[in-house]
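Notes to accompany the following structure.
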Amino acid sequence: MYQLNKIVSGMMGIAAMSVLTTNAYAAGAKASVSDKKMIASAMSAAPAKVAKGATIVAMEADGKMRTVRQGTNGFTCMPDNPATPGPDPMCMDKNALEWVHAWIAHTNPTPGKVGFMYMLAGGTDASNTDPFATKPDAKNHWIKTGPHVMIVGADASFYDTYPKSADPDVSLPFVMFPDTPYQHLMAPVK
Ligand SMILES: [Cu+2]
């Protein structure tokens, strides 16, 4: 999973607002250098063709999401969060984007609304057990995962068939945030 927790406090209102708040590229305006970097980072999360057609969103300092580039294929990619130790860009389908919004807003995702995400550049998380941990501690150490895909929003019975360890073997599929409303499958792809 992406390490969004550091910015959660600034984003509490996110569920109520559309991600597509602004479109910097509306009139074909040129990308700034930082936008180009964010686009490249975000696109690294998915296979090239998926990334090419995806909407790119950036997290602003004030916690709002800005649409950097409008896409066409239903996927949304977010660049690496620089507040975390490793690269963790992600690309997700519509249901997964809703799931992420629910997580950020601390509301329950809609049960059975299954979503799919790519994190082909890997990821870092403060904890495998606490969805709202902001930093590693003695019980919740930071876990680092390689390239993986994620299935979110599935029924509990689906996650019950996978390991639910606080300290998972990240080279095998495992459940992150097990037995919480935010449990999801993390499946390595390399
Ligand atoms: Cu992940």
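Evaluating GLN183 against the criteria (1) at pLDDT below 95; (2) polar (S, T, N, Q); (3) within 13 Å of the ligand (Cβ to nearest atom) leaves one unmet condition, (1). Candidates in the range 118-146 are the residues that are aliphatic (A, V, I, L, M) and within 16 Å of the ligand (Cβ to nearest atom); of these, the one that is farthest from ASP88 (Cα to Cα) is ALA133. Restricting the first member to the range 147-159 and to residues that are closer than 16 Å to ASP169 by Cα, and the second to residues that are surrounded by fewer than 15 Cβ atoms within 10 Å (Cβ to Cβ) and at pLDDT below 95, the beta-carbon pairs closer than 6 Å and six or more apart or on different chains are PRO147/LYS190. Taking the conditions exactly as written (aliphatic (A, V, I, L, M), within 16 Å of the ligand (Cβ to nearest atom), part of a loop (DSSP other than H, G, I, E, B) and closer than 18 Å to TYR182 by Cα), does ALA96 satisfy them or not? Considered against the rule, which asks whether it is aliphatic (A, V, I, L, M), within 16 Å of the ligand (Cβ to nearest atom), part of a loop (DSSP other than H, G, I, E, B) and closer than 18 Å to TYR182 by Cα, ALA96 comes out as no.
Just to be sure, is ALA40 part of a helix (DSSP H, G or I), hydrophobic (A, V, I, L, M, F, W, C) and out of contact with any helix residue (DSSP H, G or I) (no Cβ under 7 Å at 6 or more places or on another chain)? So that I can check it myself, show each step before the final result.
Working: part of a helix (DSSP H, G or I): yes; hydrophobic (A, V, I, L, M, F, W, C): yes; out of contact with any helix residue (DSSP H, G or I) (no Cβ under 7 Å at 6 or more places or on another chain): yes.
Considered against the rule, which asks whether it is part of a helix (DSSP H, G or I), hydrophobic (A, V, I, L, M, F, W, C) and out of contact with any helix residue (DSSP H, G or I) (no Cβ under 7 Å at 6 or more places or on another chain), ALA40 comes out as yes.
Kindly establish whether THR110 is β-branched (Val, Ile, Thr) and surrounded by fewer than 19 Cβ atoms within 10 Å (Cβ to Cβ). Reasoning before the result, please.
Numbers: β-branched (Val, Ile, Thr): yes; surrounded by fewer than 19 Cβ atoms within 10 Å (Cβ to Cβ): yes.
Yes.
Residues in the range 59-73: is at least one assigned to a helix (DSSP H, G or I) and not small (Gly, Ala, Ser)? Give the derivation first.
The first filter runs over the range 59-73 and keeps only residues assigned to a helix (DSSP H, G or I), leaving none.
No, because not a single residue in the range 59-73 is assigned to a helix (DSSP H, G or I) and not small (Gly, Ala, Ser).
Taken together, the residues in the range 126-158 that are among the β-branched types (Val, Ile, Thr) and assigned to a loop (DSSP other than H, G, I, E, B) amount to 2.
Can you say whether ASP169 is closer than 20 Å to ASN81 by Cβ and part of a loop (DSSP other than H, G, I, E, B), as far as the supplied structure shows?
Numbers: closer than 20 Å to ASN81 by Cβ: no; part of a loop (DSSP other than H, G, I, E, B): yes.
Spelling it out, it is not the case that ASP169 is closer than 20 Å to ASN81 by Cβ and part of a loop (DSSP other than H, G, I, E, B).
The condition of being farther than 22 Å from PRO109 by Cα, surrounded by fewer than 17 Cβ atoms within 10 Å (Cβ to Cβ) and modelled with pLDDT of 90 or more holds for only one of ASP160, ASP155, ASP169, that being ASP169. Do we find that GLY115 is modelled with pLDDT of 95 or more and within 15 Å of the ligand (Cβ to nearest atom) in this structure? For GLY115, the condition - modelled with pLDDT of 95 or more and within 15 Å of the ligand (Cβ to nearest atom) - is met.
Close Cβ contacts (under 6 Å, 6 or more residues apart or on different chains) running from residues in the range 76-90 that are within 12 Å of the ligand (Cβ to nearest atom) to residues that are of a type in the set (Phe, Trp, Tyr) comprise ASP88/TYR2; MET90/TYR2.
Of the residues examined, ALA154 is not one that is hydrophobic (A, V, I, L, M, F, W, C), away from the ligand (no atom under 14 Å from the Cβ) and out of contact with any Gly (no Cβ under 9 Å at 6 or more places or on another chain).
The values are calculated or read from the model by the stated rules, or taken from the named source; none is laboratory data. Since we're looking at a predicted model, the values are computed, not measured. In this analysis, Cβ positions are derived from the backbone assuming ideal geometry, glycine residues included, and neighbour counts consider all displayed protein chains.
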